Amino acid sequence: MDTTRRDFLKAAGFTVVSAGSVVSAFAGASSSEVSGGDVARWAMVVDLKRCQREAGCDKCWRACHTAHNVPDLDDPRHEIKWIWKAPFEHIFPGQVGEYGDLRRKELPAVVMCNHCDNPPCVKVCPTRATFRRDDGVVVMDPHRCIGCRYCIVGCPYGSRSFNFVDPWPDRKPPNMDYPTRMRGVVEKCTFCPERIVKGEVPYCVEACDKAGIGALTFGDISDPGSSVRKLVQSADRVVLRRKPELGTRPQVYYLV
Amino acid sequence: MNDKIKIVIGLVSFLVLTSSPFWLNIATGTDWARPNEVVEQEVARLRADPGLPCALKQSDKERAQGRPNREMIDKHMALLLEWRDQVVRDGDREVPEWWQDAKGQGRVVRGRRLEKSLSGGCLVCHTKKKPGETEYKFCDACHTYVQIDPYCWDCHVVP
């Protein structure tokens with residue numbers, strides 16, 4: 001050994017100093033990323049008055065399910081839903097008391113993934129197949145999904161469906177430009193990132209507008225001038241979110 | 001030491017069994033696609049259609065000699081995985097520069113704007129199924145030959 005005690009201490013000191021500078025460089029980089037604040041935050045506002053007026057309307061979910069190759073399976077146990085209609089009582093349990101407007105209780109309205117700011121499905125996913133993008137959209141990466149269904153248990157809104165069977169055994173889905181899913185993966189509403197990137201609104205919003213109902217509004221809620229932000233702040237309407245007490249911070253708002 | 005016949009029968013049947021795939025192939029006359037030929041045919045087919053963007057990815061020497069794109073043959077799977085992660089996880093849909101037009105968007109080839117996608121990009125030119133044929137040719141020529149079965153088509157669909 002020709003390393004003297006002095007050489008060893010010099011090398012050790014140098015290592016500590018350089019490791020420290022590397023750590024501080026990384027720490028600096030991550031804090032600057034967090035402070036970058038002009039990323040959009042996509043959100044949806046559902047006008048219940050307009051939506052419930054059209055009780056039999058199926059335009060939003062039909063448009064979505066056709067475009068995203070969501071199958072219409074006969075067995076209800078295998079049902080797959082991205083967006084669907086449910087009675088008010090199911091969306092907001094207990095909101096209409098026994099002396100309230102009982103008719104409104106029964107009227108269906110649209111529900112979908114809430115794209116929570118604090119999504120429990122993302123927390124429980126062991127493979128990070130589902131994740132929250134910087135713009136707040138909670139998406140599924142079916143390539144990574146192992147079909148454990150923790151996310152289905154984690155989601156308090158029932159927004160997720162599992163492919164118990166091969167959805168398109170004949171490989172002939174309605175939209176040949178969009179992929180299908182295989183047996184054994186979970187799927188859900190994605191807020192149509194492939195359309196957002198082109199500056200278009202999701203299929204459901206487009207279908208609702210086309211039908212002249214205009215119950216769905218989509219936009220960047222972090223922008224104070226956006227239509228969703230204005231609707232959420234409207235003075236004359238009650239604005240509800242589903243199960244806010246769970247702390248998931250849903251980003252689908254309901255105007256009652 | 002009188003088991004000579006048994007041993008010979010055993011040896012012969014062993015040889016017949018182990019070499020049976022070769023005999024079966026010869027007997028049934030199966031024409032196994034030779035991947036190089038298929039890829040060369042594909043290159044020739046695409047060269048006949050000028051202005052297709054992937055030629056840019058090919059080296060000058062390969063293009064001059066009409067040889068397939070070695071880099072793509074070796075690395076297409078890694079490229080596809082990289083694209084998949086960029087598009088699905090990072091939302092980065094910018095097409096590679098060798099597919100871009102002057103405005104930085106995907107070029108329009110055969111009436112379709114190329115996207116950073118296997119089915120919406122590569123397969124616009126490299127048609128998986130040729131018209132009138134029931135067999136998968138271009139992709140599967142090599143995949144069948146090396147006995148791999150990519151699971152892309154479990155979900156993705158090709159028009």
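The values are calculated or read from the model by the stated rules, or taken from the named source; none is laboratory data. Only a predicted model underlies this, so the values are computations on that prediction, with no experimental measurement involved. Neighbour counts are summed over all protein chains in view; Cβ atoms, including those assigned to glycine, are modelled from backbone coordinates with ideal geometry. Side chains included, ligands, DNA and RNA excluded: accessible areas come from the protein's heavy atoms. Shrake-Rupley method; radii C 1.70, N 1.55, O 1.52, S 1.80 Å.
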Practice task
Return the subset of A:K81/A:K172; A:K188/A:K243; A:K198/A:K243 for which the Cα-Cα distance in this structure is over 23 Å, preserving the input order.
Solution key: A:K198/A:K243
Completion exercise
To the nearest 0.05, the calculated FRET efficiency linking B:W23 and B:Q86 through their beta-carbon distance, R0 being 56 Å, is 0.70
Handout entry: If the convex hull is drawn through the Cα atoms of segment A:49-255, its volume per residue in Å³
Key = 140 Å³
Practice task
Work out the FRET efficiency for A:V238 and A:D135 from their Cβ-Cβ distance, taking R0 = 30 Å, and round it to the nearest 0.05.
Solution key: 0.65
Exercise for the section: Check every DSSP H run in chain A and write down those whose alpha carbon atoms cover 18 angstrom or more along the long axis and whose mean Kyte-Doolittle hydropathy is 0.0 or greater. Expected result: A:5-35
Practice task
For A:K210, list the aspartates and glutamates whose Cα falls under 16 Å from its own Cα; do not include residues on the same chain fewer than 8 positions away.
Solution key: A:D47, A:E54, A:D58, A:E200
Problem - Residue among A:P179, A:C121, A:F218 farthest towards the positive dipole end of chain A, charges placed on Cβ - result: A:C121
Practice task
Give me the aspartates and glutamates in straight-line cross-link reach of B:K103: C-alpha distance below 15 Å, same-chain residues under 8 apart excluded.
Solution key: B:E94, B:E115
Fill in the blank from the handout: Excluding ligands, DNA and RNA, the carbon-plus-sulfur percentage of the accessible area of chain A with a 1.4 Å probe reads 55 percent
Handout entry: In the B-A interface, the accessible area buried, summed over both sides, Å² (probe 1.4 Å)
Key = 1500 Å²
Handout entry: Dipole magnitude of segment A:94-251, debye to nearest 20 (Cβ charges: Lys/Arg +1, Asp/Glu -1, about Cα centre)
Key = 400 debye
